[in-house]
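The structure appears below as structure tokens.
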Amino acid sequence: MEELKVVKPEQQLAHESPWTLENRILRLLWEATWTLLCFWTPKPLNPWRLFWLRTFGAHIHGTPFVHQRARIAIPWNLTLHDRACLGDRANAYTLGEIEIGARATVAQESYLSSGSHDFVNPGLRLVVAKITIGEDAFLGARTFVMPGVTVGARSVVGACSVVTKDVPPDVFAAGNPCKVLRPK
């Protein structure tokens, strides 16, 4: 599991944003672009959605699939490999990096959160850590993945699981908190 990194290390008040004005403007532009140019598009227009993701700095390898109703907070923190799938209403909360491996599937309404808060600090500073979904992995519907977690290659995580720790490769895992059930 990757260690959480503080986004704004100096003393930060709870009401202060860790983001620069430029970053906030780019994020606003991204939200408008996705809403106006991508959200309404049918599934076959995936290349169009990938074009806009690339334009906003997403790292796209090969031809992944991004559902038109997927949500991506900060595209320049997202890496998608060939034939990776980000499903219907899946939420890639990319405050930190998220990488989805080749042929991996993040099913509908799953939530990948690469950011949280430092609850020890009175300012509740933002902390981020990379989420990695290995190649050929499958995350069931409504799975929640915490910052810093790696889901190993070819593993299957059951629906509605809360993944708080790394999942090794080649296993079936499920639950809240998610635990390995058996080898694949």
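Do we find a residue being surrounded by fewer than 21 Cβ atoms within 10 Å (Cβ to Cβ) and part of a loop (DSSP other than H, G, I, E, B) anywhere in segment 43-55? So that I can check it myself, show each step before the final result.
Narrowing segment 43-55 to residues surrounded by fewer than 21 Cβ atoms within 10 Å (Cβ to Cβ): 43-48, 50-52, 54-55.
Checking which are part of a loop (DSSP other than H, G, I, E, B) leaves us with none.
Checked against the condition, which is being surrounded by fewer than 21 Cβ atoms within 10 Å (Cβ to Cβ) and part of a loop (DSSP other than H, G, I, E, B), segment 43-55 yields no hits at all.
Surrounded by 18 or more Cβ atoms within 10 Å (Cβ to Cβ), under 16 Å from the mean Cα position of the chain (by Cα), modelled with pLDDT of 95 or more and outside any strand (DSSP E or B), is that true of Leu112?
Values: surrounded by 18 or more Cβ atoms within 10 Å (Cβ to Cβ): yes; under 16 Å from the mean Cα position of the chain (by Cα): yes; modelled with pLDDT of 95 or more: yes; outside any strand (DSSP E or B): no.
Here the answer is no, as Leu112 does not meet what is asked.
Given the criteria crowded, with 16+ Cβ neighbours inside 10 Å, out of contact with any Ser or Thr (no Cβ under 6 Å at 6 or more places or on another chain) and of a type outside the set (Val, Ile, Thr), does His67 qualify? Before the answer, list the steps.
Working: crowded, with 16+ Cβ neighbours inside 10 Å: yes; out of contact with any Ser or Thr (no Cβ under 6 Å at 6 or more places or on another chain): yes; of a type outside the set (Val, Ile, Thr): yes.
Here the answer is yes, as His67 does meet what is asked.
Results for (1) touching a residue at least 40 places away in the same chain (Cβ under 8 Å); (2) part of a strand (DSSP E or B), shown as yes or no for each residue.
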residue: Pro147; (1), (2): yes, no
residue: Ala153; (1), (2): yes, no
residue: Cys160; (1), (2): no, no
residue: Asn176; (1), (2): no, no
residue: Arg182; (1), (2): no, yes
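Can Asp118 be described as surrounded by fewer than 19 Cβ atoms within 10 Å (Cβ to Cβ), touching a His at 6+ places or on another chain (Cβ under 9 Å) and of a type outside the set (Phe, Trp, Tyr)?
Details: surrounded by fewer than 19 Cβ atoms within 10 Å (Cβ to Cβ): yes; touching a His at 6+ places or on another chain (Cβ under 9 Å): no; of a type outside the set (Phe, Trp, Tyr): yes.
Spelling it out, it is not the case that Asp118 is surrounded by fewer than 19 Cβ atoms within 10 Å (Cβ to Cβ), touching a His at 6+ places or on another chain (Cβ under 9 Å) and of a type outside the set (Phe, Trp, Tyr).
Could you say which residue among Asp82, Asp88, Asp136 is of a type in the set (D, E, K, R), in a loop (DSSP other than H, G, I, E, B) and either surrounded by fewer than 14 Cβ atoms within 10 Å (Cβ to Cβ) or touching a residue at least 40 places away in the same chain (Cβ under 8 Å) (or both)?
Only one candidate passes the filter, namely Asp82.
The values are calculated or read from the model by the stated rules, or taken from the named source; none is laboratory data. The structure displayed is predicted, hence computed values, not measured ones. Reconstructed Cβ throughout: ideal geometry from the backbone, glycine too, with neighbour counts over all protein chains shown.
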